[in-house]
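Below is one structure; the comments refer to it alone.
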Amino acid sequence: MVSLTNKAVQAKSNSKSVRFHREYWRKVALGSLLPVLLIIVWEVAGRNGLLNPLLLPTPSIIINEFIYLWQHGHLLSHLQISVWRALAGFTIGGGLGLLFGVLVGFSYKTQKLLDPTFQMLRMLPHLAVAPLFILWFGFDETSKLLLIAKGSFFPLYVNTFLGIRSLDAKLFEVAKVLQFKKWDLLTKLIIPSALPHIFLGIRLSLGIAWVGLVVAEMMGSTEGIGFLINDARSMSIVATVFAGIIIFAILGKLSDALVLAIERKSLRWHNNFTGR
């Protein structure tokens, strides 16, 4: 009897796994449809002379350039440096954004003190502050990391603040009745309830980190994918420029997919509308 029950449970689990994988690959195929069609149209138009190869090379030429850069070792070294810069800058800026988002969201007085300044700094564009960072900190890693951190700070700060302030006031009343201490209130109520907004902030901060990386490496760097793009632009090697752009797009998509996967596992308890 126990054996039959175990087999039934295992069969049910296998059925769920099969449905999950089918649904996953269906989504992948559907999401890849438009990019694949665009690439095909692009390749056909280029091969038939409808596009200027000096300005818009075909996907096959870009792939060959990518293979050339990889085989000659240029791509891997630049890629490692860019990934390290992006992750380090995001860790600094995103970590501070999360910290101050919790502080400002939790305290009305802290909001009055800090939020107006943060909102003013949030409006400063990367291209406006990049020359100042270079003048203050030079062309070394400090200026690049600070520029990336500056962009990564605000999305996570704003979304963490919004997540905390969106909580139902009745939950705080219940926590007060249960005599929650401030630490328990923060770890058992505020942070878990604000997690959907926090994960959104992480995804946005990662995207801005890659944008900040491009700006930092194109304005003052001798290494990295951004430098590779800028160097190719100066020599009119458009295929290398496209290869660098595609690399940034792939890195951004992979990092976003990783955070999204962690979010789904962390928020299994959270029921939300997924579309029809």
Within the stretch 215-228, considering residues that are assigned to a helix (DSSP H, G or I) and surrounded by fewer than 23 Cβ atoms within 10 Å (Cβ to Cβ), the one modelled with the lowest pLDDT: Met219
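Condition check ((1) closer than 21 Å to Ile250 by Cα; (2) hydrophobic (A, V, I, L, M, F, W, C); (3) in a helix (DSSP H, G or I); (4) modelled with pLDDT under 85) across all residues:
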| residue | (1), (2), (3), (4) |
| --- | --- |
| Leu4 | no, yes, yes, yes |
| Asn14 | no, no, yes, yes |
| Trp25 | yes, yes, yes, yes |
| Val28 | yes, yes, yes, yes |
| Gly31 | yes, no, yes, yes |
| Leu34 | yes, yes, yes, no |
| Val44 | no, yes, yes, no |
| Ile67 | yes, yes, yes, no |
Any chance Pro131 is assigned by TED's automatic domain parsing to the domain that holds Pro196, closer than 30 Å to Ile164 by Cβ and not aliphatic (A, V, I, L, M): no
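What tally of residues in the stretch 126-175 results from selecting those that are free of Cβ contacts under 8 Å to residues at least 12 places away in the same chain and either crowded, with 22+ Cβ neighbours inside 10 Å or part of a helix (DSSP H, G or I) (or both)? Lay out the reasoning, then the answer.
Of the residues in the stretch 126-175, the ones free of Cβ contacts under 8 Å to residues at least 12 places away in the same chain are 128, 132, 135-138, 140, 142, 168-170, 173-174.
Still in the list and also either crowded, with 22+ Cβ neighbours inside 10 Å or part of a helix (DSSP H, G or I) (or both): 128, 132, 135-137, 142, 169-170, 173-174.
Residues flagged as free of Cβ contacts under 8 Å to residues at least 12 places away in the same chain and either crowded, with 22+ Cβ neighbours inside 10 Å or part of a helix (DSSP H, G or I) (or both) within the stretch 126-175 amount to 10.
The values are calculated or read from the model by the stated rules, or taken from the named source; none is laboratory data. Computed from a predicted model, the values in this text were never measured in an experiment. Cβ atoms come from the backbone with ideal geometry, glycine included; neighbour counts cover every protein chain shown.
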